[in-house]
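Below is one structure; the comments refer to it alone.
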Amino acid sequence: RAARNLAGVDVATAGEVNAEDLAPGAHPGRLTLWTESAVEEVAER
């Protein structure tokens with residue numbers, strides 16, 4: 001949550017993340033940090 005105060009940093013939970021978050025404007029290449037539990041949550045969807 002502290003990252004929300006950093007300029008240029010977007011924070012989203014695994015339940016909120018979508019393709020536009022990962023590839024804005026359909027151009028892949030955004031650095032993404034995942035926790036192990038977030039990967040498990042996305043895998044369940």
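Just so you know, all these numbers are worked out from the coordinates, no wet-lab data involved. Just so it is clear, the model here is predicted, and its values are computed rather than measured. Heads up, the Cβs are rebuilt from the backbone with ideal geometry, glycines too, and the neighbour counts pull from every protein chain shown.
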query = Looking at ALA38, ALA14, which one is assigned to a helix (DSSP H, G or I), surrounded by 10 or more Cβ atoms within 10 Å (Cβ to Cβ) and not acidic (Asp, Glu)?
reply = ALA38
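Filter segment 17-35 down to the residues that are loosely packed, with under 10 Cβ neighbours inside 10 Å and not hydrophobic (A, V, I, L, M, F, W, C) and list them by number. Reasoning before the result, please.
Residues of segment 17-35 that are loosely packed, with under 10 Cβ neighbours inside 10 Å, as a first pass: 18-20, 25-29, 31, 33, 35.
Matches in segment 17-35: ASN18, GLU20, GLY25, HIS27, PRO28, GLY29, THR35.
Picking from ALA7, ALA43, which residue would you name as being in a loop (DSSP other than H, G, I, E, B), over 13 Å from the mean Cα position of the chain (by Cα) and loosely packed, with under 10 Cβ neighbours inside 10 Å? Spell out the reasoning first.
Details: ALA43 fails: in a loop (DSSP other than H, G, I, E, B).
After applying the criteria, what remains is ALA7.
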